[in-house]
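The values are calculated or read from the model by the stated rules, or taken from the named source; none is laboratory data. Predicted, not measured: the structure shown is a model, and the values here were computed from it. Don't worry about glycine lacking a Cβ; one is built from the backbone with ideal geometry, like all the others, and counts go over all protein chains shown. When the accessible area is computed, the model is the full protein with side chains, heavy atoms only, and any ligands, DNA or RNA have been set aside. Shrake-Rupley method; radii C 1.70, N 1.55, O 1.52, S 1.80 Å.
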Amino acid sequence: GIVAKLNAGGDAPMYACRAWVNFNGIDGVVIRGSGNISGVVRVSEGVSDVSFQTPMQDINYAVSLSYSGEIGASGYVSPAPTSPSTFRIIFSDPNDGSRRADKSFVAVAIFR
C-alpha cells in the first residue's frame, strides 16, 4: 500500500501535504516551485498573500513556514486562516520588529 511505498512505519496516522510553495519574495514574487498554489501576491514590503489552486475544505489547515533571515526576524500567518482559499504571510525586519521585510527564500507547506 501507500504506507509501504512512503517507507513509513508505526501505527500513527499519516497526513499528506495539501499544498506547498517555494518562492523568492524580493522585488516582487518569483515562484521556484509549487503544488496546489495558484499564486503568491506581494501586497506590500514583507506581506504576501498565498492562494490555493483548489481550496481547502475549511479554515482548519496548518501552515508550516520557513524562510531566510537574520536572527531576530520573524514570519507568521496573520490573521489565523479565515479563508479556505487564501492566507497572508507577514515577515518582520530583524532590526526593527515593527517594520516589514521581504525574504529571498520562503518555503510554505500546508496540511489538513
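The residues listed here are 33, 28; of these, the one that is over 11 Å from the mean Cα position of the chain (by Cα) and part of a strand (DSSP E or B) is 33. Residue count for segment 87-107, restricted to those that are touching a residue at least 40 places away in the same chain (Cβ under 8 Å) and open to solvent by less than 50 Å² (accessible area, probe 1.4 Å): 10.
A count restricted to segment 55-67 and to residues that are in contact with a strand residue (DSSP E or B) (Cβ under 8 Å, 6 or more places away or on another chain), within 12 Å of residue 19 (Cβ to Cβ) and either assigned to a strand (DSSP E or B) or open to solvent by 50 Å² or more (accessible area, probe 1.4 Å) (or both) stands at 3. Listed by first and then second residue, the pairs linking a residue in segment 35-47 that is among the acidic types (Asp, Glu) to a residue that is part of a strand (DSSP E or B) and open to solvent by 20 Å² or more (accessible area, probe 1.4 Å), with Cβ atoms under 7 Å apart and 6 or more places separating them unless they lie on different chains, are 45/100.
For segment 39-50, the condition of being open to solvent by less than 40 Å² (accessible area, probe 1.4 Å) and farther than 18 Å from residue 90 by Cβ holds for none of the residues.
Among the residues making up segment 25-38, those that are in contact with a Ser or Thr (Cβ under 9 Å, 6 or more places away or on another chain) and open to solvent by 40 Å² or more (accessible area, probe 1.4 Å) are 26, 29, 38. For segment 68-84, a residue qualifies if it is open to solvent by 50 Å² or more (accessible area, probe 1.4 Å) and at pLDDT 90 or above, and exactly one does: 82.
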